[in-house]
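> First the structure, then my questions, so here it is.
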Amino acid sequence: MCLFVLVSAARADLTLVFEQRLVKSDPQGMQQVKGAAQAGESTTRLTVQLAQDWCSSEDGELIQQIDFKNRRCLLLNRQTKTYTDTALLAKIGFLSAEFRNRLMQAGLFEKMGMKDNPMDPVLMEHLFSIRGPNTVPLKGKTARGTQSWTHNGKPLFSCSTDGFKLSAEETALLVRFLRHEFGLHPDILDACRKAGRVPTGIEIYRYNMGVDHYSLKLVKSERTPAGLVRADLKAGATEETEGGLTAIVHEATAMDEADYRARCEKLKSDALAQREQGKTMDAMLLLLEYGLSCDKMAEEIESLKDAIQHDADCQHLMASINPHTKEGAEEAVKELAALEGKAQAGRRMITVFRANILTNLGKGNEAQTFLIAALKENPAQVGAWKDLGDIYYNSYEMDEAWSCWETALKLLPSAKMLEGVKTLEKDLIKTYPEFL
């Protein structure tokens, strides 16, 4: 009978309810810094559900649900009845990139001689739950029924030594949730794993310019051996939109392979029609768009070589799309704008070329506008989706980046131009398995 109870407990899903108090403090002298905490205090009831393939947390206003099997993050605002559905790898990608950025800033502040470094590497390890290079083990103390961890006099985490006992499998679910919900230093999470319990009281301090202080009191804990039923957060809710991007993503991902291939073939047939009408530049542009969409050059481009060589607009176009200097790039943008006014059927390809040059000039926001406009006309442009995703990624807008990349992968998973995206995802999965 004892063996049966132990096995059942190991397989059970968990529901935990906490009284949560959050106190946010403004950073001294840094109130205007982007990302700084806004002062204030709130008290809520935090309901947590932990299952093998998913977890969720609800504070009365927001419900966050992480689907580990499909690697998705859903966030529902109960007041507005709107939701977002984003890639889990986008979240991990942001944490990884921002952590590296913060460590770089920490080094700069250290060289400046700043005594109280706001980007202290240990505080950043605690904020992002990622272990940095040359890390020093963080040791806790136990006294009077409380375990606690501090760094340079700053409290990081403390918890009671009593609580709701967990099996090893249940503990793994709890630790994974804590990592996503609060961050926490890897050494603190290792200690939580060894303790194998949900403490009755928890104090968490997160340093992100300002200070977020969470006080959690466990008021309910129960097992569901049969498994929890995951709520459908999308039912009766409306998806939040990101400018015009969301609608285009839905249009593109709704295509099946036949629809996608038909769009590609239409580009080729339209190009041949333009060639027959003597519109060499439009024909060339449509065939280039075919290559951008299908990741291969159309054989029909050979039939245009002579005409392209004798077409002044085509020569101006080819000379403009690969500038070698900043001055040349700025001039190329003007030249392409003029050529765009002359083009008709193939003009959106010039829009893509302009976007690429603007990206290289550091004008990512302007480039985004051009690429979205081109994709609105033809959402089958795999290369444009890749380029747009790259712009978002370099701007740390990871949700949008992955949305674009996933769209490209859905349209043409074999595209060689997407190998870098696949490699990035594999690296994140290999490097941060604890988040999955």
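> Does segment 154-164 contain at least one residue that is surrounded by 19 or more Cβ atoms within 10 Å (Cβ to Cβ) and not in a strand (DSSP E or B)?
No, because not a single residue in segment 154-164 is surrounded by 19 or more Cβ atoms within 10 Å (Cβ to Cβ) and not in a strand (DSSP E or B).
> Limited to segment 189-227, what total is found for residues that are of a type outside the set (Lys, Arg), at pLDDT 95 or above and not in a strand (DSSP E or B)?
Going through segment 189-227 one residue at a time, the tally reaches 7.
> Now a separate question. Write out, first by first residue and then by second, each pair whose Cβ atoms fall under 7 Å of each other, whose residues are 6+ apart or on separate chains, and whose first residue, in segment 325-351, is more than 14 Å from residue 286 (Cα to Cα) while the second is in a helix (DSSP H, G or I) and of a type in the set (A, V, I, L, M).
Listed pairs, sorted by first residue: 329/357; 332/357; 333/357; 333/358; 336/350; 339/317; 339/350.
> Further question on the same structure: Taking the criterion of being over 20 Å from residue 350 (Cβ atoms) and among the hydroxyl-bearing types (Ser, Thr, Tyr), would at least one residue in segment 322-331 satisfy it?
Yes, the conditions are met somewhere in segment 322-331.
> Scan segment 116-127 and give yes if some residue there is of a type outside the set (Asp, Glu) and surrounded by fewer than 18 Cβ atoms within 10 Å (Cβ to Cβ), otherwise no.
For segment 116-127, residues of a type outside the set (Asp, Glu) and surrounded by fewer than 18 Cβ atoms within 10 Å (Cβ to Cβ): absent.
> In segment 273-300, which residues are modelled with pLDDT of 95 or more and at positive phi?
Within segment 273-300, 278 is the sole residue that qualifies.
> While we're here: Given the conditions (1) over 34 Å from the mean Cα position of the chain (by Cα); (2) not in a helix (DSSP H, G or I), and given that residue 323 satisfies all but one, which numbered condition is not satisfied?
Result: residue 323 fails condition (1) only.
> Which condition number in (1) modelled with pLDDT under 95; (2) touching a Ser or Thr at 6+ places or on another chain (Cβ under 9 Å) is the one that residue 18 fails?
(1)
> Tally up the residues in segment 83-93 that are assigned to a helix (DSSP H, G or I) and either under 12 Å from residue 432 (Cα atoms) or not hydrophobic (A, V, I, L, M, F, W, C) (or both), please. Talk me through it step by step, then tell me what you get.
Looking only at segment 83-93, we keep the residues that are assigned to a helix (DSSP H, G or I), and these are 88-93.
Filter once more, keeping what is either under 12 Å from residue 432 (Cα atoms) or not hydrophobic (A, V, I, L, M, F, W, C) (or both): 88-89, 91-93.
Residues in segment 83-93 being assigned to a helix (DSSP H, G or I) and either under 12 Å from residue 432 (Cα atoms) or not hydrophobic (A, V, I, L, M, F, W, C) (or both): 5 in total.
> Still on this structure, please answer the following. If we keep just the residues of segment 103-126 that are over 17 Å from residue 208 (Cα atoms) and part of a loop (DSSP other than H, G, I, E, B), which is modelled with the highest pLDDT?
Of everything passing the filter in segment 103-126, 112 is modelled with the highest pLDDT.
> Sticking with this one: Please go through segment 416-436 and give me each residue that is surrounded by 15 or more Cβ atoms within 10 Å (Cβ to Cβ), out of contact with any Gly (no Cβ under 8 Å at 6 or more places or on another chain) and not charged (D, E, K, R), ordered by number.
418, 432, 435, listed by residue number.
> Anything in segment 390-405 that is buried (at least 21 other Cβ atoms within 10 Å of the Cβ) and over 15 Å from residue 293 (Cα atoms)? List them, or say none.
391, 392, 393, 398, 400, 401, 402, 403, listed by residue number.
> Got at least one residue in segment 250-257 being in the same structural domain as residue 130 (by TED's automatic domain parsing) and over 21 Å from the mean Cα position of the chain (by Cα)?
Among the residues of segment 250-257, not one is in the same structural domain as residue 130 (by TED's automatic domain parsing) and over 21 Å from the mean Cα position of the chain (by Cα), which makes the answer no.
> Go through 285, 272, 336, 292 for me and flag whichever is in contact with an Asp or Glu (Cβ under 7 Å, 6 or more places away or on another chain) and either of a type in the set (Val, Ile, Thr) or in a helix (DSSP H, G or I) (or both).
272
> Also, I was wondering about something else. Checking residue 142 against (1) assigned to a loop (DSSP other than H, G, I, E, B); (2) surrounded by fewer than 18 Cβ atoms within 10 Å (Cβ to Cβ); (3) free of Cβ contacts under 8 Å to residues at least 60 places away in the same chain, only one condition comes out false. Which one?
For residue 142, the exception is condition (1).
The values are calculated or read from the model by the stated rules, or taken from the named source; none is laboratory data. These figures come from a predicted structure and were not determined experimentally. Every residue, glycine as well, gets a Cβ built from its backbone with ideal geometry; the counts of neighbours run over all protein chains shown.
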